[in-house]
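Notes follow once the structure below has been shown.
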Amino acid sequence: MTCLIGEAMTESIRELRGGNMDIDLVPKQSLQWERESCPWNTAEGNSAHKCAVKDTSICRYFRGIKPVDTVLCAYPNSS
Ligand code: SF4
């Protein structure tokens, strides 16, 4: 049996640039976890915007990921 907590305390993390990411917060019924909404899609009432589209683009407001799956978003708050 593997202890993941013990591994996390002793592992060293590499930072490797150039990842070809595919990340979005578009609602999807088949996903088994909760997701928050993209504020840009919410403001426009659509699902047009994605954080990173593999082989294509990265959203102008995307600022990366906080472990393990939190999107860092700089979309300006309209309020
Ligand atoms: S970075 Fe922000 S604004 Fe851009 S697609 Fe992701 S959640 Fe939406």
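Quick note: the coordinates plus some simple rules give every number you see, no bench work behind them. Model, not experiment: these values are computed from the prediction. Please note: Cβ atoms are built from the backbone with ideal geometry, for glycine as well, and neighbour counts cover all protein chains shown.
General observations
- All Cα-Cα distances of region 19-73, cut into 10 Å bins from zero to the largest, leave 23, 58, 20 percent in each bin in turn.
- Each Lys or Arg adds one and each Asp or Glu subtracts one; over the other residues with Cβ under 12 Å from the Cβ of residue 27, this totals -1.
- Mean residue ellipticity, 222 nm, helices only, the chain: the sum of -39500 (n - 2.57) across DSSP H runs of n ≥ 4, divided by residue count and rounded to 500, is -4000 deg cm²/dmol.
- Placing +1 on each Lys and Arg Cβ and -1 on each Asp and Glu Cβ, with no other charges, gives the chain a dipole about its Cα centre of roughly 220 debye.
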